[in-house]
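Inspection log for the structure reproduced underneath, given as structure tokens.
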Amino acid sequence: SVPFLVRLFPDLVLTKFVFLNFLAFPFFVDLRRPELLLNNTISLYLNTEPDITVGIWHTVPGSRALEAQGKDQRWYEEALADDHPVIIYLHGNGGTR
């Protein structure tokens, strides 16, 4: 019966049983507040298109850790414009970061 279900509902099977994107892991963690999990990290939101908002985390490297302590969102946004390289990590579409 499994091959029959995969044939009839391929999207449902992939999203619910293979990718498990309905699970929010780690459990019971507020991923909108990364500073509770990671040092030198804040959460930002970018409006890429009308009605589309992308949530990102901005983490500065350990070499700037002392400089980043106690800074607000504006400091992190300005840090994106300096001469340091930016690494983008695309994690997938699980609905969590």
Taking chymotrypsin sites (Phe, Trp or Tyr not before Pro) as exposed when in a DSSP loop with at most 15 other Cβ atoms inside 10 Å, the chain has its longest clean stretch at 29-88
With the 1.4 Å probe rolled over protein heavy atoms, the chain has an accessible area per residue in Å² of 85 Å²
Stretched fully, the stretch from Leu36 through Leu14 gains (0.36 nm per residue minus C-alpha distance, one decimal, in nm) 4.7 nm
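The values are calculated or read from the model by the stated rules, or taken from the named source; none is laboratory data. Keep in mind it's a predicted model, so treat the numbers as computed, not measured. Every residue, glycine as well, gets a Cβ built from its backbone with ideal geometry; the counts of neighbours run over all protein chains shown. Heads up: the accessible areas ignore ligands, DNA and RNA and are worked out on the full protein's heavy atoms, side chains in. Shrake-Rupley method; radii C 1.70, N 1.55, O 1.52, S 1.80 Å.
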